[in-house]
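Let me begin by presenting the structure, written as structure tokens, before commenting on it.
Where a number appears in this text, it was derived from the coordinates with a stated rule and is not lab data. Since this is a predicted model, take the numbers as computed values, not measurements. Glycine gets a Cβ as well: all are built from the backbone with ideal geometry, and neighbour counts include every protein chain shown.
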Amino acid sequence: MAEPMMKPPKIAIGPVAWMRQNLFSSWYNSLLTIVVGYLVITSVGPLFSWVFLDASFLGAGPEDCTGTGACWLFINERLNFFIYGFYPGELQWRVDLMFLLLAVCFVPQFIERFPGRKWFGLFGLTGLPVVGYFLIPGGTFGMEIVQSTKWGGLMLTLILAYIGIIASLPIGIVLALGRRSEMPIIRGICVVFIEVWRAVPLITVLFMASVMLPLFLPDGMNFEKLSRALIGITLWQSAYMAEVIRGGLQAIPRGQYEAADALGLGYWKKTGLIILPQALKMVIPGIVNTFISLFKDTTLVLIIGLFDILGTVQSTITDPAWQNVAIEGYVFVAFCFWIFCFGISRYSQNLERKLDTGHKT
Amino acid sequence: MGNTMTDQTQTPGPQQSVPSQTADQPDIIRVEAMHKWYGDFHVLKDLNLNVRHGERIVICGPSGSGKSTFIRCINRLEEHQRGKIVVDNIELTDDVRHIDTVRREVGMVFQHFNLFPHLTVLENCCLSPIWVRKTPRKEAEADAMEYLKRVKIPDQANKFPGQLSGGQQQRVAIARALCMKPKIMLFDEPTSALDPEMIKEVLDVMIELAGSGMTMICVTHEMGFAKTVADRVIFMDGGEIVEEAPPHEFFTNPQEPRTQSFLQQILAH
């Protein structure tokens with residue numbers, strides 16, 4: 001007879017047991033562990049010394065890069081250019097303020113108990129672009145104008161990615177709903193829009209935006225290059241977004257539509273309260289995937305003469321004063337991208353966990 | 001709280017099967033010469049049905065006989081192509097306003113519950129009163145709690161549907177429909193997707209509701225329920241209404257051969 005309160009069997013615990021179970025459970029697993037361990041040690045060691053031990057961090061110029069490791073001095077020296085591009089030094093506080101606001105809005109999103117973090121996030125999505133619209137170019141409230149041709153570096157990358165992301169989501173939702181509409185004209189327009197934009201490479205879109213669009217616009221109507229690029233990126237991105245969201249819409253069981261109909265909810269209430277919340281939640285991984293790929297695709301603006309972070313780095317590594325700093329430059333860019341993309345990814349995982357109401361209908 | 005529930009204090013006991021208390025009531029649903037096709041397939045053929053205020057109708061029949069399609073036409077989840085359906089003096093046409101008005105007055109309970117999984121039980125119940133009836137949130141929540149008490153699950157109000165058993169989910173679905181204070185309730189095989197031990201808890205709620213004077217149309221295979229609460233039983237086969245009779249007559253003395261063979265099959269086991 002079983003004991004009245006049976007406990008689950010005790011599993012062996014402790015580091016030795018863990019290693020035995022996971023690393024050395026059989027002879028071939030032991031062999032694999034040893035081979036992989038050897039590879040890790042032989043590759044990580046030199047990498048570590050290149051990045052830290054043998055690297056030069058401080059100094060006045062190229063001549064101080066004496067170590068055999070990385071010359072971080074170069075990054076240090078040009079950091080201002082990598083972050084702000086040609087934005088005038090005495091006005092950079094405006095950009096700094098935007099960075100600060102961005103951090104204030106989104107860092108709380110990672111802290112579970114932060115009071116009112118929803119409102120910070122909401123401001124980040126709606127208020128922040130408005131503030132940026134006035135602050136960064138200047139020209140209002142007595143602020144000096146800074147032409148968009150002077151913008152560059154990380155700041156430009158963030159502007160492109162941020163606007164692209166927050167504008168493409170609502171446009172994508174509208175397109176996805178339109179594509180599933182019962183009205184043939186609306187559906188037709190959305191299908192054509194999506195299929196055309198999605199079938200064109202981003203490089204082509206950017207070329208068209210910078211070279212061909214001005215030819216079609218009437219005289220005197222002239223967007224600056226950055227706005228044109230932004231519009232191109234946003235429309236291109238929203239076509240992708242629409243298809244991701246459509247995937248979510250199609251996964252909603254018909255019963256949900258019928259229940260909403262039977263309760264007398266009209267089209268917009270049904271869509272806004274029942275269908276979209278479930279559909280969007282389902283496709284968070286797809287949406288985030290699209291965001292991250294857009295974030296990295298912004299580097300393509302280099303080819304129309306905008307200097308994003310990759311562009312600024314690339315233009316300085318050819319400086320004759322600095323020799324052989326290309327690797328440092330690219331590692332730096334990769335690291336910056338990784339920080340942001342990893343942040344986005346972590347946040348989305350957080351969100352998925354929080355929104356999971358433990359249902360599968 | 002809706003006065004529908006307090007109108008009639010005495011509940012018909014299980015024995016007291018269907019006196020026609022509703023004989024003098026006006027019709028609330030009129031279906032006249034209604035036809036429906038899916039493509040070329042003629043699903044519903046010349047249906048005629050009048051339902052009086054407070055009447056309880058059970059529709060039964062073999063699967064594929066069009067019974068679900070029929071009641072789904074009554075709140076226009078399905079369109080009919082010929083004939084006329086008038087609900088609460090409003091004719092169902094393509095006019096979206098008419099459809100919305102009718103749906104506000106007609107509650108529906110589905111075979112697969114169709115609760116909204118991203119909302120709690122209470123939010124499921126309050127959603128429509130708040131957004132469609134424009135009831136203030138406080139009031140809607142208080143109402144919803146009353147109905148949840150009535151279906152005997154007030155303690156689950158803050159859970160998500162996915163955390164409840166099938167029987168509990170179906171009772172929430174009934175409460176959700178009642179929160180709109182409908183004049184008519186449609187039940188589309190409400191117990192067919194349930195485990196046997198949960199069927200009773202849902203039927204009990206439906207029997208209690210029938211006792212309160214609600215106009216009900218139920219598509220169901222629960223013949224015990226039909227005998228207990230129905231004023232009329234309708235037998236459908238092949239998209240037609242084959243026979244229509246008070247339950248006592250229907251079960252003891254069916255006229256049509258198709259009804260007889262159907263009853264033999266389901267009552268045999």
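The table below gives the values:
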item: Neighbour-count ranking [beta-carbon atoms within 10 angstrom, fewest first] of B:Val87, A:Val331; result: A:Val331, B:Val87
item: Of all DSSP beta bridges in the protein assembly as shown, antiparallel share, percent nearest 5; result: 50
item: Gyration tensor verdict on chain A (Cα atoms; rounded if a/c is under 1.5, prolate if a/b is larger than b/c, oblate otherwise); result: oblate
item: Those chymotrypsin sites (Phe, Trp or Tyr not before Pro) in the stretch A:140-181 that DSSP places in a loop and that have at most 11 other beta carbons within 10 Å; result: A:Phe141
item: Taking B:Arg72, A:Arg117 and counting other C-beta atoms within 10 Å, the order from fewest to most; result: A:Arg117, B:Arg72
item: Prolate/oblate/rounded call for the stretch B:136-206, Cα gyration tensor, a/c under 1.5 rounded; result: oblate
item: Relative contact order (%) - criterion: Cα under 8 Å, at least six apart; region: chain A; result: 17
item: Most mobile listed residue (B:Gln25, B:Gln170, B:Gln111) in chain B, GNM with C-alpha springs under 10 Å; result: B:Gln25
item: Local net charge near A:Trp72, Cβ-Cβ under 14 Å (Lys/Arg +1, Asp/Glu -1); result: -3
item: DSSP bridge pairs, chain B: antiparallel proportion in percent, nearest 5; result: 55
item: Alpha-carbon centroids, the stretch A:46-86 and the stretch A:161-238: separation in whole Å; result: 41
item: Sites excluded, GluC sites (Glu not before Pro) in DSSP loops with at most 15 other C-beta within 10 Å, longest stretch of chain A; result: A:225-361
item: Within the stretch B:146-233, trypsin sites (Lys or Arg not before Pro) in DSSP loop having at most 16 other beta-carbon neighbours inside 10 Å; result: B:Lys152
item: Three-way shape call for the stretch B:78-236 based on the alpha-carbon gyration tensor, with the a/c threshold at 1.5; result: oblate
item: Number of partner chain Cβ atoms within 10 Å, mean per residue of B:124-137; result: 2
item: Charge dipole (debye, nearest 20) of the protein assembly as shown; +1 at Cβ of Lys and Arg, -1 at Cβ of Asp and Glu; result: 580
item: Burial ordering of B:Asp155, A:Asp54, fewest other beta-carbon atoms within 10 Å first; result: B:Asp155, A:Asp54
item: In the stretch A:308-360, the trypsin sites (Lys or Arg not before Pro) that fall in loop regions by DSSP, at most 15 other Cβ within 10 Å; result: A:Lys360
item: Per-residue [θ]222 nm for chain B (sum of -39500 (n - 2.57) over DSSP H runs n ≥ 4, rounded to 500); result: -11000 deg cm²/dmol
item: Inter-site label distance for B:Asp155 and A:Leu215 at 7 Å from Cα along Cβ, in nm; result: 7.6
item: Estimated 222 nm signal from helices in chain A, with DSSP H stretches of n ≥ 4 weighted -39500 (n - 2.57), rounded to 500; result: -20500 deg cm²/dmol
item: Net charge contributed by nearby residues that have their C-beta within less than 14 Å of A:Leu351 (K/R +1, D/E -1); result: +3
